[in-house]
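Below is one structure, written out as structure tokens, with a few remarks after it.
What follows is calculated from the coordinates using simple rules that are stated; it is not laboratory data. Model, not experiment: these values are computed from the prediction. Cβ sites come from the backbone with ideal geometry, for glycine too, and all protein chains shown count toward neighbours.
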Amino acid sequence: MKYTIWWSSEDFYRLSSNRNTDEELQKYFITPSSSALEIMIGDESCIGNCSLSIDLLKQNFSYCSVHAPEYAYHKDDPKSHTILKYLDELCQRYPIQNVVVHPRKVKDRDIFLQYPNLPISIENMDDKKPSHKTPEDIGKILEKYPFWFTLDLQHCFVNDCTMKLAHDFHIAFWDRIKEYHISGFKEWYPHYTLFKAKQNQIIKALEKTNIPIIIESTFDSSDDLEKEIKYILQYLPS
């Protein structure tokens, strides 16, 4: 079984101040194991700063996704439209298949309907958040809006280490799951390397084989990337 393995441009934030540049891409992310990329737009300060070469991206990755800033989006808020217009520009510039949004702070989800070219998906939250952690919470949104769903399996793990929660999400939204996020967990690093945390139950909770997997582990050295992918591959469901 061949899986589509993605990286997030946030994975090396402890090693490099560069973000979403050709230099970062060539130094860390172009490997035989990777086939696509998540462009992390961490906050409003990142708006306008993505300078990736279209040719470099297309030559090395089949397609990519964008992680939108966590923000209190509202149709009457000018900054909300500034962010979404920028994301729309990125979707026109790059072969983006998914725009991941944290739903917790969003005040007005109707605003996303004003940007029909954005392939919006919402992500389940971790145990530090007060809501949007269960299929019931996510279902209230997906019943009303034509969004996709990004299933973060590490977020499931910190809410329920048995991973039954992950299975419940699969049952509830099988046809709406657009993308997986996986990483390990340590208290001081919410997105940690799986090969160090040894939490293979997070990997084994993958049930779909035809959607991309974004590795959101954050690395301490450039060697961690290949160690992480080697660890993940041995536990992927066949």
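General observations
- For the chain, adding -39500 (n - 2.57) for each run of n ≥ 4 DSSP H residues and dividing by the number of residues yields -7500 deg cm²/dmol at 222 nm.
- Peptides 229-235, 195-201, ordered by how many other C-beta atoms sit within 10 Å of their residues on average, highest first, read 195-201, 229-235.
- Between Ser222 and Lys198, the modelled labels are 3.0 nm apart [label points 7 Å from Cα along Cα→Cβ].
- From the C-alpha gyration tensor of the range 5-233, square roots of 5λ in Å: 25, 23, 15
- Listed by chain and number, the lysines placed with their C-alpha closer than 20 angstrom to that of Lys227 are Lys2, Lys27, Lys186, Lys196, Lys198, Lys204; residues fewer than eight positions away on the same chain are left out.
- DSSP loop GluC sites (Glu not before Pro) with at most 12 other Cβ within 10 Å excluded, longest remaining stretch of the chain: 1-142
- Cα centroid separation - the range 53-77 against the range 138-209, whole Å: 21
- Pairwise label distance in nanometres, Lys107 with Thr82, each label 7 Å out on the Cα-Cβ vector: 1.5
- Amide H to amide H distances under 5 Å link Asn98 with Val66, where only residues 5 or more positions off or on other chains count and H is placed in the peptide plane.
- Between Glu38 and Trp7, Ser8, Ser9, Ser65, the built amide H atoms are under 5 Å apart, and every one of these is 5 or more places off in sequence or on another chain.
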